[in-house]
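Each remark here refers to the structure printed beneath this line.
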Amino acid sequence: MLRKCLFPVAGYGTRFLPATKVMPKEMLPILDKPLVQYGIEEAAEAGLNQICFVTGQAKRAIEDHFDRNMELDDHLAGTERANTLLSLNELITGCQFTYTRQAEQLGLGHAIKVGESLIGNEPFGVVLPDDFCIGNDVGVMSQLKSIFQEHQCTVIAVEEVPMDRTASYGIIHGHQISSSLYEVEKLVEKPAPESAPSNIAVIGRYILSPEVFGELATINKGVGGEYQLTDAISNLAQNSRVLALKFDGCRFDCGSLAGFVAATNYSFRCRFGTAPP
Ligand code: UTP
């Protein structure tokens with residue numbers, strides 16, 4: 001049974017400084033909605049409504065965002081803006097939110113391990129909110145869940161990237177078992193193009209079996225001196241099944257300025273049917 005989704009949001013977001021000095025990167029808005037809210041909507045659509053945050057310093061705005069503000073609700077009641085908080089309030093009522101803190105930013109792998117206290121011994125989703133994903137029919141987490149329900153194993157979302165971009169991603173080594181599914185043999189974090197096993201890159205959506213916590217306990221610091229989730233999933237693939245799904249939709253890396261601007265322009269066109277002026 002899949003009901004929990006982990007949101008590791010403790011990173012410093014240094015690529016967006018000074019904006020992210022006191023404001024979480026995950027609260028940056030695409031149009032009028034923060035990145036993290038899109039991520040939670042995606043998790044909730046997939047039925048994962050127990051939302052577990054691994055937060056850190058300067059991230060308190062996330063907790064406030066997912067709490068009712070009765071004073072503001074009263075202020076808006078009866079005005080033409082009365083509906084603007086409706087969908088957020090529905091999300092707040094429909095999900096349970098729990099928080100823990102990563103005291104030291106030692107990498108994504110470390111953040112997931114810190115989240116173990118919230119997850120326990122059950123499979124769980126992971127969303128990195130700075131990967132802004134738009135699924136074609138259903139969200140990416142729902143797509144991963146379908147594969148999980150069929151195969152009952154770890155499933156990670158992947159996409160093809162240009163070969164000269166492999167050093168920015170975790171890259172899979174595996175074999176294709178259907179048009180959109182790969183059996184993963186190992187993962188390599190940020191390989192140079194000449195040593196990359198493929199150009200199939202891991203993006204920020206996962207369904208992980210709880211065995212990953214055992215693997216996270218044994219890995220050493222990897223690329224960039226950080227504990228890498230990629231290394232733990234690669235070890236997991238030695239002992240149990242790991243599938244990679246080429247998801248149906250598109251994704252923007254909103255951890256980078258270029259990706260953030262592209263996502264904003266794309267969303268503006270989707271909403272208003274025209275490019276921003
Ligand atoms: P990033 O690699 O984007 O790092 O983390 P970052 O710190 O957020 O941003 P930059 O590179 O300094 O600009 C990917 C995801 O992992 C989380 C981040 O919050 C983001 O969701 N993360 C990363 C943690 O929760 N803890 C960490 O120690 C590192």
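Note on the stretch 162-183: residues that are open to solvent by less than 10 Å² (accessible area, probe 1.4 Å) and either of a type outside the set (S, T, Y) or more than 21 Å from the chain's Cα centre (by Cα) (or both) total 3. Counting only residues that are over 15 Å from the mean Cα position of the chain (by Cα) and not acidic (D, E), the stretch 137-153 holds 8 of them.
Set side by side, the residues A111, A43, A61 differ, and just one is buried (at least 18 other Cβ atoms within 10 Å of the Cβ), more than 11 Å from the ligand (Cβ to nearest atom) and at pLDDT 95 or above, which is A43.
If you go through the stretch 27-36 and keep only what is open to solvent by 10 Å² or more (accessible area, probe 1.4 Å) and either aliphatic (A, V, I, L, M) or within 18 Å of H110 (Cβ to Cβ) (or both), you end up with M27, L28, L31. Can you spot a residue in the stretch 196-217 that is of a type in the set (S, T, N, Q), within 16 Å of the ligand (Cβ to nearest atom) and in a loop (DSSP other than H, G, I, E, B)? The answer is no, given that none of the residues of the stretch 196-217 is of a type in the set (S, T, N, Q), within 16 Å of the ligand (Cβ to nearest atom) and in a loop (DSSP other than H, G, I, E, B). Any chance the stretch 122-130 includes a residue that's buried (at least 17 other Cβ atoms within 10 Å of the Cβ), in contact with a Ser or Thr (Cβ under 7 Å, 6 or more places away or on another chain) and not in a loop (DSSP other than H, G, I, E, B)? So far as the stretch 122-130 goes, no, none of its residues is buried (at least 17 other Cβ atoms within 10 Å of the Cβ), in contact with a Ser or Thr (Cβ under 7 Å, 6 or more places away or on another chain) and not in a loop (DSSP other than H, G, I, E, B).
Only a single criterion out of (1) exposed (fewer than 14 other Cβ atoms within 10 Å of the Cβ); (2) at pLDDT 95 or above is not satisfied by T84, namely (2).
The set of residues in the stretch 6-22 being within 13 Å of the ligand (Cβ to nearest atom), surrounded by fewer than 20 Cβ atoms within 10 Å (Cβ to Cβ) and aliphatic (A, V, I, L, M) consists of L17, A19. Is it the case that some residue within the stretch 235-256 is over 23 Å from G139 (Cα atoms), assigned to a loop (DSSP other than H, G, I, E, B) and without any contact (Cβ under 8 Å) to a residue 12 or more places away in the chain? No, there is no match, as no residue in the stretch 235-256 is over 23 Å from G139 (Cα atoms), assigned to a loop (DSSP other than H, G, I, E, B) and without any contact (Cβ under 8 Å) to a residue 12 or more places away in the chain. Could you say whether any residue in the stretch 140-156 is free of Cβ contacts under 8 Å to residues at least 40 places away in the same chain, surrounded by fewer than 13 Cβ atoms within 10 Å (Cβ to Cβ) and within 14 Å of the ligand (Cβ to nearest atom)? Checked the stretch 140-156: no residue is free of Cβ contacts under 8 Å to residues at least 40 places away in the same chain, surrounded by fewer than 13 Cβ atoms within 10 Å (Cβ to Cβ) and within 14 Å of the ligand (Cβ to nearest atom).
Sort through L91, L72, L118 and tell me the only one that's assigned to a helix (DSSP H, G or I) and either loosely packed, with under 15 Cβ neighbours inside 10 Å or not aliphatic (A, V, I, L, M) (or both). Residue meeting the stated conditions: L72.
The one condition from (1) within 17 Å of V188 (Cα to Cα); (2) assigned to a helix (DSSP H, G or I); (3) at pLDDT 95 or above that G224 does not meet is (3).
The residues on offer are L229, L236, L257, L245, and the sole one that is of a type in the set (A, V, I, L, M), within 15 Å of the ligand (Cβ to nearest atom) and over 21 Å from Q105 (Cα atoms) is L257.
Number of residues in the stretch 96-115 that are among the aliphatic types (A, V, I, L, M), part of a helix (DSSP H, G or I) and within 25 Å of F252 (Cα to Cα): the value is 3.
Looking only at the stretch 85-101, decide whether some residue is within 15 Å of the ligand (Cβ to nearest atom), of a type in the set (A, V, I, L, M, F, W, C) and under 18 Å from the mean Cα position of the chain (by Cα). Within the stretch 85-101, none of the residues are within 15 Å of the ligand (Cβ to nearest atom), of a type in the set (A, V, I, L, M, F, W, C) and under 18 Å from the mean Cα position of the chain (by Cα).
Per the conditions (1) within 16 Å of the ligand (Cβ to nearest atom); (2) out of contact with any strand residue (DSSP E or B) (no Cβ under 6 Å at 6 or more places or on another chain), the sole criterion not satisfied by F252 is (2).
Conditions (1) closer than 18 Å to E90 by Cβ; (2) of a type in the set (A, V, I, L, M, F, W, C), marked per residue:
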{"residue": "V36", "(1), (2)": "yes, yes"}
{"residue": "A44", "(1), (2)": "yes, yes"}
{"residue": "G47", "(1), (2)": "yes, no"}
{"residue": "Q50", "(1), (2)": "yes, no"}
{"residue": "T55", "(1), (2)": "no, no"}
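The values are calculated or read from the model by the stated rules, or taken from the named source; none is laboratory data. This one's a predicted model, so the numbers in the text were calculated from it and none came from an experiment. Backbone-built Cβ (ideal geometry, glycine too); neighbour counts: all protein chains shown. Quick note on the areas: whole protein, heavy atoms, side chains included, nothing else; ligands and nucleic acids left out. Shrake-Rupley method; radii C 1.70, N 1.55, O 1.52, S 1.80 Å.
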